[in-house]
1. Quick check on my filter: what residues within the stretch 1-37 are of a type in the set (A, V, I, L, M) and more than 18 Å from the chain's Cα centre (by Cα)?
2. Can you name every residue in the stretch 132-166 that is under 13 Å from residue 61 (Cα atoms), of a type in the set (A, V, I, L, M, F, W, C) and outside any helix (DSSP H, G or I)?
3. Tell me which residues, restricted to the stretch 74-99, are of a type outside the set (A, V, I, L, M, F, W, C) and open to solvent by 10 Å² or more (accessible area, probe 1.4 Å).
4. Looking only at the stretch 6-31, which residues are open to solvent by 30 Å² or more (accessible area, probe 1.4 Å), under 21 Å from residue 82 (Cβ atoms) and either free of Cβ contacts under 8 Å to residues at least 12 places away in the same chain or not in a loop (DSSP other than H, G, I, E, B) (or both)?
5. Restricting to the stretch 32-77, and then to whatever is in contact with a Ser or Thr (Cβ under 9 Å, 6 or more places away or on another chain) and assigned to a strand (DSSP E or B), can you tell me which residue is farthest from residue 98 (Cα to Cα)?
6. Could you give every pair whose Cβ atoms fall below 8 Å, whose first residue belongs to the stretch 78-91 and is over 22 Å from residue 143 (Cα atoms), and whose second residue is aromatic (Phe, Trp, Tyr) and open to solvent by 10 Å² or more (accessible area, probe 1.4 Å), counting only separations of at least 6 or pairs across chains?
7. Tell me, which residue of the stretch 39-73 that is of a type in the set (A, V, I, L, M, F, W, C) and open to solvent by less than 10 Å² (accessible area, probe 1.4 Å) is farthest from the chain's Cα centre (by Cα)?
Amino acid sequence: MSHEKILKVVNTLAENSIQITNLIIDDGWQTVDKPPGMDNQFQQGWERFEARGRGFPNGLKALVTELRAKHKNIRHIAVWHALLGYWAGISPNGEIAKKYKTVEVLREDNERRNLPLGGMMTVVAAEDAQRMYNDFYAFLDDCGIDAVKTDAQFMLDTLVSASARS
């Protein structure tokens, strides 16, 4: 997923008289960590709000601005995110973990997902979750994003502790 690939797809659709009105930027845009030896998405945690620099060198806002300027028919642009950040939650070393209180929670599906830290996953603590999402959605709004696809809601069911799930 990258700025250029998204533009190419949308431009190709328009060149073929396919006028889309809604666009979802799906999984692959977020900045996530990649712990050594951990190559699948279930081992990666969300680091920061801004899109990953390698695919989006000018940031998410630059992509959305360009899309809206070139394709006036697009009314809504959404981004994907997992309910708890990313597939392995929040990166314990990322900007998000430094700005918001986090907790470690144990997931029961560790063997199937091969989570880092023996099944422990870092998530934003309940008392900071609303502030984090308010800040994240304000960031998205500033970028021109006006919808989200919140995925991986099943992850709450995989938390071992009932208090963590609540």
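The values are calculated or read from the model by the stated rules, or taken from the named source; none is laboratory data. The shown structure was predicted, so the numbers you read here are calculated from the model rather than taken from an experiment. Every residue, glycine among them, receives a Cβ derived from its backbone with ideal geometry; neighbour counts consider all protein chains shown. Quick note on the areas: whole protein, heavy atoms, side chains included, nothing else; ligands and nucleic acids left out. Shrake-Rupley method; radii C 1.70, N 1.55, O 1.52, S 1.80 Å.
1. Applying the first criterion (of a type in the set (A, V, I, L, M)) to the stretch 1-37 yields 1, 6-7, 9-10, 13-14, 18, 20, 23-25, 32.
Within the stretch 1-37, 7, 9, 10, 13, 14, 18, 20 qualify.
2. 145 - this is the single residue of the stretch 132-166 that is under 13 Å from residue 61 (Cα atoms), of a type in the set (A, V, I, L, M, F, W, C) and outside any helix (DSSP H, G or I).
3. Residues of the stretch 74-99 that are of a type outside the set (A, V, I, L, M, F, W, C), as a first pass: 75-76, 81, 85-86, 89, 91-95, 98-99.
75, 76, 86, 92, 93, 95, 98, 99, listed by residue number.
4. 22, 24
5. Step by step, filter the stretch 32-77, then rank; the result is 76.
6. 87/42; 88/42
7. Residues of the stretch 39-73 that are of a type in the set (A, V, I, L, M, F, W, C), as a first pass: 42, 46, 49, 51, 56, 60, 62-64, 67, 69.
Subset that is open to solvent by less than 10 Å² (accessible area, probe 1.4 Å): 46, 51, 56, 60, 63-64, 67.
Details: 46: 7, 51: 8, 56: 14, 60: 12, 63: 16, 64: 16, 67: 19 Å.
Here the residue is 67.
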